[in-house]
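Structure, as structure tokens:
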Amino acid sequence: MARPRRATVDDLRDLAGSMPGVTIWHGPMGNDVYQVSRRSFVFFRNPRPDAVDPETGERYDDVVVLWVASEIDKEALVADDSTPFFTTPHFNGHPSVLLRTSRIGELSRDELAEVVYDAWLARASKTAARRWLEEHGVG
């Protein structure tokens, strides 16, 4: 049986950009922000003081924020130490998880696709989400 293909940053960009109604906004420092219905669902974050290397104190420069549908979904992703997802106190109560792009290869492309699709579904209009789910045999 073939081993699943590992995810890449290009996969993340391709998956997010391929969702219906997506616009890509470039933040003030050139970071890509993927939006649907004028709401972010995936964005590449600038280095911030809340996400740092515990050994060096250096700010991570490769953090991506992905929306989730609920706090339960967030907890499921960050509680599993086998995944590269994490959060920081800054994001307490916020329906999102963080992912370092340096660890994206720990996910298969299919696993990454599921998280991106869920992020889009969490932020798209109900009509767009229902239409997408129906087109993909989920609704």
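What follows draws every value from the coordinates through simple rules; no lab data is involved. As the structure is a computational prediction, the values presented were derived from the model and not from experiment. As a convention, Cβ positions derive from the backbone with ideal geometry for all residues, glycine included, and neighbour counts pool all protein chains shown.
Using the Cβ-Cβ distance between E106 and R39 with R0 = 35 Å, the FRET efficiency computed as 1/(1 + (r/R0)^6) comes to roughly 0.80.
Taking Lys and Arg as +1 and Asp and Glu as -1, the other residues whose beta-carbon sits under 15 Å from that of A7 total -2. Report the normalised scattering of the chain as log10 I(q)/I(0) at q = 0.11, 0.13, 0.18 Å⁻¹, calculated by the Debye formula with identical scatterers on the alpha carbons. Listed by q, the Debye log ratios stand at -0.40, -0.56, -1.08.
The distance separating the Cα centre of the stretch 63-90 from that of the stretch 1-62 comes to 14 Å.
Between rounded, prolate and oblate, where does the stretch 1-67 land on the alpha carbon gyration tensor, with a ≥ b ≥ c its root eigenvalues, rounded for a/c under 1.5, else prolate if a/b exceeds b/c? Judged from the Cα gyration tensor, the stretch 1-67 comes out oblate (a/c at least 1.5, b/c at or above a/b). Among E71, E55, E111, the largest mean-square fluctuation in a Gaussian network model of the chain (Cα springs under 10 Å) belongs to E55.
Counted by Cβ distance under 11 Å from L107, the other residues give a net charge of -1, where Lys and Arg count +1 and Asp and Glu count -1. Would you work out if the stretch 92-139 is rounded, prolate or oblate? Take a ≥ b ≥ c from the square roots of the eigenvalues of the alpha-carbon gyration tensor; rounded if a/c is under 1.5, else prolate when a/b is larger than b/c, oblate otherwise. Oblate shape, in that a/c is at least 1.5 and b/c is the bigger or equal ratio. Positive end of the dipole of the stretch 1-126 (Cβ unit charges, origin at the Cα centre): among V63, Q35, P47, the Cα lying farthest that way belongs to Q35. Close amide H contacts of V68 (hydrogens built in the peptide plane, cut-off under 5 Å, sequence separation of 5 or more or a different chain): S96, V97. Phi-derived couplings, Karplus 6.51 cos²θ - 1.76 cosθ + 1.60 at θ = phi - 60°, listed residue by residue for the stretch 73-78: 4, 4, 4, 4, 6, 7 Hz, with x used for Gly and Pro.
Dipole size of the chain about its Cα centre, with +1 on Lys/Arg Cβ and -1 on Asp/Glu Cβ: approximately 560 debye, rounded to the nearest 20.
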